Amino acid sequence: MADALDRLAHAVPPKVREVCETIAAAGHQAVIVGGCVRDVLMGREPGDWDVASSAHPEEVMKLFKRTIPQGLQHGTVKVMMGKGKENEVEVTTFRGEGAYSDARRPDSVTFGVPLVDDLARRDLTVNAIAYDIAKKAIIDPFGGQQDIEARRLRAVGNAVDRFTEDGLRPMRAVRFCAQLEFDLDAETAAGIPPSLPSLSKVSRERVSDELRKMLKAREPSRGLRPAYSTGILENIVPPLFARIGSDVDPWLARIDRADPAVRLALFMLPLKDSHGGVGFLRALKFSNQECHVVSQLHLVANEPTVPTAQDVRQDLARLDPEIRPLAICLWESETYGDVTRVELGRKTLADKDPLTARDLALKGNELMKELQMQPGPAIGRILEFLVNWVIEDPQRNTREALVEKARELELEVGR
């Protein structure tokens with residue numbers, strides 16, 4: 001315990017400490033709470049620092065020169081301890097909550113509750129730990145420290161209640177499994193399936209944000225596996241769940257092996273032959289760019305064959321230049337040891353082999369001048385032939401060879 005207190009005491013940023021001390025000096029309780037406490041206890045670098053207090057929002061605003069009422073109806077005030085976002089500190093009043101009609105936010109909140117009641121409304125025990133700077137005490141009424149020690153995620157109180165009142169919590173739970181590399185407690189996992197109707201009500205932007213975070217983890221499978229087994233995956237992308245069937249292990253293993261930049265494409269890979277695959281990403285509100293990258297990578301997600309250099313060049317020629325290195329990352333994750341495709345891909349890019357008309361040693365205007373032709377479909381067809389010709393053999397990409405071949409093609413395509 002002493003070691004944990006020392007770590008927390010040294011980790012709290014000065015601006016956060018000053019906010020807590022100012023509130024405490026006015027006769028209120030102020031504590032550090034949530035994920036930042038969890039991260040310090042785990043030896044991780046916290047992202048955000050959250051302060052909770054017995055002081056009502058109006059009282060907090062009176063204590064500081066510059067504040068922004070971030071969400072007064074939910075008790076949150078942003079305290080400005082200097083210029084810039086890095087000097088903002090959010091303070092939220094201890095609160096109890098009413099029903100969650102929209103499965104996302106409480107219909108009503110009650111201020112003035114004890115700290116333990118405020119902690120009781122949180123999702124997981126590891127996120128329901130508070131640190132009181134003034135009292136030099138850790139407040140952990142639900143055993144969050146023991147769960148950190150056991151590397152276990154457990155719901156605060158009744159799991160079905162916690163997951164039903166806020167439909168995003170099942171997604172958060174499996175995301176934390178991946179990010180923290182913790183296991184989901186069996187009783188907590190059992191509380192997810194009955195709560196999935198609440199997940200269906202959550203905005204797709206929030207769902208996709210959780211999925212992005214999960215796919216960036218060191219081993220996304222630690223979150224995707226419970227997402228699969230509890231029905232979360234079936235809830236958010238039903239056709240993907242159906243297509244995976246019982247072959248979940250190879251799917252997960254390949255995602256884990258892959259560079260994070262291509263994991264979304266691998267996540268949706270079982271649906272690559274389905275026009276609805278990228279459509280589901282759009283329904284989940286992934287960006288146009290993310291959908292485009294996935295769509296392009298699926299074009300070159302090959303079957304287990306040993307390719308020729310020409311095969312690889314033809315694959316890379318189908319992609320936007322900035323996506324070609326990602327294709328190599330995709331191939332590196334393949335399970336059948338196809339190092340040939342990866343090596344050939346790297347060589348193609350390193351040698352800057354010609355893959356499009358822009359790469360030809362003979363440009364379109366030069367071609368028209370050589371053939372004394374006007375712009376039109378015939379020139380386009382000749383350029384297309386030339387591109388395919390040099391993809392077969394990049395050594396052909398010289399002005400002389402291209403002009404000679406173009407003259408032959410001129411007779412074939414006509415003017």
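Take residue 403 and decide whether it is within 14 Å of residue 310 (Cα to Cα), at pLDDT 90 or above and among the β-branched types (Val, Ile, Thr).
So residue 403 fails the test.
Counting just the residues of region 188-214 that are more than 14 Å from residue 226 (Cα to Cα) and outside any helix (DSSP H, G or I), which one comes out farthest from the chain's Cα centre (by Cα)?
201
Collect the residues in region 76-135 that are at pLDDT below 90, among the aromatic types (Phe, Trp, Tyr) and touching a strand residue (DSSP E or B) at 6+ places or on another chain (Cβ under 6 Å), keeping them in residue-number order.
111
Do we have residue 51 as on the phi < 0 side of the Ramachandran plot, in contact (Cβ under 8 Å) with a residue 40 or more places away in the chain and under 30 Å from the mean Cα position of the chain (by Cα) here? Before you say what the answer is, go through the steps one by one.
Details: on the phi < 0 side of the Ramachandran plot: yes; in contact (Cβ under 8 Å) with a residue 40 or more places away in the chain: yes; under 30 Å from the mean Cα position of the chain (by Cα): yes.
Answer is yes for this residue.
State the number of residues belonging to region 256-280 that are closer than 21 Å to residue 209 by Cβ and touching a residue at least 60 places away in the same chain (Cβ under 8 Å).
Residues in region 256-280 being closer than 21 Å to residue 209 by Cβ and touching a residue at least 60 places away in the same chain (Cβ under 8 Å): 6 in total.
Return only the number of the condition from (1) in contact (Cβ under 8 Å) with a residue 60 or more places away in the chain; (2) touching a Pro at 6+ places or on another chain (Cβ under 7 Å) that residue 317 does not satisfy.
Here residue 317 meets the rest and fails (2).
Just for region 35-78: of the residues that are among the aliphatic types (A, V, I, L, M) and assigned to a helix (DSSP H, G or I), which one is farthest from residue 17 (Cα to Cα)?
Checked region 35-78; the qualifying residue farthest from residue 17 (Cα to Cα) is 72.
Go through (1) without any contact (Cβ under 8 Å) to a residue 24 or more places away in the chain; (2) out of contact with any Leu (no Cβ under 9 Å at 6 or more places or on another chain) one by one and return the number of the condition residue 233 breaks.
(2)
Criterion first (closer than 25 Å to residue 167 by Cβ and at pLDDT below 95) does residue 201 satisfy it?
Details: closer than 25 Å to residue 167 by Cβ: yes; at pLDDT below 95: yes.
Yes.
Filtering region 320-345 down to residues that are touching a residue at least 40 places away in the same chain (Cβ under 8 Å) and outside any loop (DSSP other than H, G, I, E, B), which residue is surrounded by the most Cβ atoms within 10 Å (Cβ to Cβ)?
In the first step, residues of region 320-345 are kept if they are touching a residue at least 40 places away in the same chain (Cβ under 8 Å); the result is 326, 329-330, 332-335.
If we keep only those that are outside any loop (DSSP other than H, G, I, E, B) as well, we get 326, 329-330, 332.
Details: 326: 19, 329: 19, 330: 27, 332: 17.
Step by step, filter region 320-345, then rank; the result is 330.
Spot the failing condition for residue 131; the list is (1) part of a loop (DSSP other than H, G, I, E, B); (2) assigned by TED's automatic domain parsing to the domain that holds residue 11, and only one is missed.
Just one mismatch for residue 131, condition (1).
The values are calculated or read from the model by the stated rules, or taken from the named source; none is laboratory data. A quick note: this is a predicted structure, and the numbers were derived from the prediction, not measured. Quick reminder, even Gly has a Cβ in these numbers, built from the backbone with ideal geometry, and neighbours come from all protein chains shown.
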